[in-house]
């Protein structure tokens, strides 16, 4: 059958197939996009919650798991989208199957692609006629009923809503302010001379553990090393959500930081704003209900101190240790090692150990110095004091068997009459005589 | 050719097929699927091999088919002493009226439209091979002279799966020449009850010819030509070719595990031809003028198993070719997506 006589119905069928293909592919593209948003939103929500409520280890492990799952899901989505995408070659078979055309459309378009031969000429018009009568069975609106893929769209909206809700509710996830203990008397077995008389010791309200929400981020390997990238990332997220004034509970250096300016008045005076508050009779005591108020006062004093320091930096008066790492407007942290840089004259500079460049919130533990007057359950032993005892003399080790003593030979006077004989006797070389 | 003419031709084919099946069903009780497969092979222009125990109606099917189609029918009972000349015919000396003697070719039973080769595996390979030329080329050569067989020519051979002593397995080359292999099972209880009632009654059912005697061969050839005009899209040809290749154990790792483990040799290209031809008949029966994938799937269990040569591992594991073909079909459908 010459193709010319059947070109018109065949062209109409091809045009309809093109519309079906475009509609389907557009829908699949939307579907893929919505699913990507859903995956991204869900992953971001989980990571945000982990950053706010989890420890560094949980944040690292959970974040890695979420990232891995997200990458895997995106890969699967990509493969699925590729499989669903209708190319020109697959479109006819797909529409044929969806339209329940029993292979009529695929056969027509495949044979129509080449000129039907003589053998095919007998049934070709009938096949063309059958397809023409079945055009309504596979209209684009029928095969791809909805333009919007509702389920992926709903999942994308849900994930986005969950993320926004998490962001909105995130300030409420901020951990409770630290309990503040204000002591005016030495505790434990510490001698009064070993203590700096006035302290504001900020201790966690409960016993913070690494896994407890709000606990200071704990770097793996703890203690001494530089905080990990994950810890810094988590801290950055917390600061972004909770603001730069956020302090992890248990940060005992608050008091030290607020002590800049030295003791005011007597030995019981606190420093800075605390001292003023105390003089005004507003300083809460241990166990009072105003612990939170005290923490707020301490933080306010710290902010004041930070402002003063920034002013000094602006005038170029600040020393290098004072600069710390508070670049780009970040609040200077006073964690385990911030005591020296932030200590006032009312507090011993080495109260919490030697200064270092580490920032608060970057270490997983905070080792309280031995001399700090804390509220411990058992009295701490007094540190050694006084001059060290003199070192004992070194003892020579015993000689090995057969080793000659190192006792030096003693010179003895030789009478002049025997001098020549003695010289010859002890002379080295060829002139020596055997005794 | 207008669509109406084609539609009428399709309807004519369907009606003829249905009428023949209806007439055969008058005397052959049960075995509907087997009868349909045999009819498909007949209209596709191939030959069929029936495997079944004695007494379940193999000969009756062929005889009633010949009666319904109004075609000539011969039967050859294959025995171990059957000679090729007993099939093809031979030359004898004939004395004419003028007293002159000359060799005259006397046609054998192969010269019929429908030939029943009963228990073909009991004859020697030499005699079996006498059918090869007849089946493949629709002609026989005797004493250097080629004689054309009548058209249509349809061989229906039977195999007895029991009493294998003294039999000769059909060579693979001869098996490959059968379009389909049909397994006849024992009738079910209702069918058996009906068989007993109908065949022992005073009046036996008779088959009425569907086609006119003189026009029958031409009509059958016309219907066969119609079958060959059914449209086959390239994706159907690819699918059939995939199925054939999947039966090959060394087909680049594409073959299913059962094929790799149990098949020594896969189907030949004749297997693919059988798939397409059988699918064309099924397409016409479904009122379509094109072959669909479902037609290929329906034909495959009859067209492919007897073309597989299974190995000793399959024999030991009691794995039969139809099970392997089922896995081949599943693999083919997976490849289609």
Only unsatisfied item for residue B:192, checking (1) loosely packed, with under 13 Cβ neighbours inside 10 Å; (2) farther than 30 Å from residue B:273 by Cα, is (1)
Failed criterion for residue B:54 (all others in (1) in contact (Cβ under 8 Å) with a residue 24 or more places away in the chain; (2) part of a strand (DSSP E or B) hold):
(2)
I'm trying to understand the selection: among the residues of region A:73-93, which are touching a residue at least 60 places away in the same chain (Cβ under 8 Å) and at the interface with another protein chain (Cβ under 10 Å from one of its Cβ atoms)?
A:92
Can residue B:152 be described as surrounded by 14 or more Cβ atoms within 10 Å (Cβ to Cβ), touching a strand residue (DSSP E or B) at 6+ places or on another chain (Cβ under 6 Å), in a loop (DSSP other than H, G, I, E, B) and touching a residue at least 12 places away in the same chain (Cβ under 8 Å)?
no
Among the listed residues B:79, B:37, which satisfies the condition of being in contact with a strand residue (DSSP E or B) (Cβ under 9 Å, 6 or more places away or on another chain) and touching a residue at least 40 places away in the same chain (Cβ under 8 Å)?
B:37
Selection from region B:221-235 of residues in a helix (DSSP H, G or I) and either within 14 Å of chain A (Cβ to nearest Cβ) or farther than 21 Å from residue A:121 by Cα (or both) yields B:222, B:223, B:224, B:225, B:226, B:227, B:228, B:234, B:235
Lone qualifier among B:35, B:10, B:20, B:40 - being within 14 Å of chain A (Cβ to nearest Cβ) and either in contact with a helix residue (DSSP H, G or I) (Cβ under 8 Å, 6 or more places away or on another chain) or part of a helix (DSSP H, G or I) (or both)
B:10
Go through (1) touching a residue at least 12 places away in the same chain (Cβ under 8 Å); (2) farther than 24 Å from residue B:64 by Cβ; (3) assigned to a strand (DSSP E or B) for residue B:94 and report which single condition fails.
(1)
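With the structure loaded, tell me whether residue A:156 is within 14 Å of chain B (Cβ to nearest Cβ), part of a helix (DSSP H, G or I) and either touching a helix residue (DSSP H, G or I) at 6+ places or on another chain (Cβ under 9 Å) or at pLDDT below 90 (or both) or whether it fails that test.
no
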Those residues of region A:101-151 that are within 14 Å of another protein chain (Cβ to nearest Cβ) and either part of a helix (DSSP H, G or I) or within 16 Å of residue A:16 (Cα to Cα) (or both) come to a total of 22
Enumeration of residues in region B:296-305 that are surrounded by fewer than 24 Cβ atoms within 10 Å (Cβ to Cβ) and either touching a residue at least 24 places away in the same chain (Cβ under 8 Å) or more than 14 Å from chain A (Cβ to nearest Cβ) (or both):
B:297, B:301, B:305
Tell me the residue from B:54, B:3, B:84 that is within 14 Å of chain A (Cβ to nearest Cβ) and over 21 Å from residue B:298 (Cα atoms), please.
B:3
Quick one: count up the residues across region B:236-270 that are surrounded by 15 or more Cβ atoms within 10 Å (Cβ to Cβ) and within 14 Å of chain A (Cβ to nearest Cβ).
4
State whether the residues of region B:199-210 include one that is within 14 Å of another protein chain (Cβ to nearest Cβ), surrounded by fewer than 16 Cβ atoms within 10 Å (Cβ to Cβ) and assigned to a helix (DSSP H, G or I).
no
Matching residues, region B:307-337, being closer than 13 Å to residue B:264 by Cα and part of a helix (DSSP H, G or I):
B:307, B:312, B:313, B:314, B:315, B:321, B:324
Can you find even one residue in region B:203-214 that is closer than 30 Å to residue A:111 by Cα and under 25 Å from the mean Cα position of the chain (by Cα)?
no
Identify, by number, the condition in (1) touching a strand residue (DSSP E or B) at 6+ places or on another chain (Cβ under 7 Å); (2) within 14 Å of chain A (Cβ to nearest Cβ); (3) under 12 Å from residue B:329 (Cα atoms) that residue B:293 doesn't meet.
(1)
Residue check: is residue A:70 surrounded by fewer than 20 Cβ atoms within 10 Å (Cβ to Cβ), part of a helix (DSSP H, G or I) and more than 10 Å from chain B (Cβ to nearest Cβ)?
yes
Of (1) within 14 Å of chain B (Cβ to nearest Cβ); (2) in a helix (DSSP H, G or I), residue A:49 fails just (1)
For residue B:30, the lone unmet condition from (1) in contact (Cβ under 8 Å) with a residue 60 or more places away in the chain; (2) more than 27 Å from residue A:117 (Cα to Cα); (3) part of a helix (DSSP H, G or I); (4) out of contact with any strand residue (DSSP E or B) (no Cβ under 9 Å at 6 or more places or on another chain) is (3)
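The values are calculated or read from the model by the stated rules, or taken from the named source; none is laboratory data. Model, not experiment: these values are computed from the prediction. Virtual Cβ from ideal backbone geometry, glycine too; neighbours counted across all protein chains shown.
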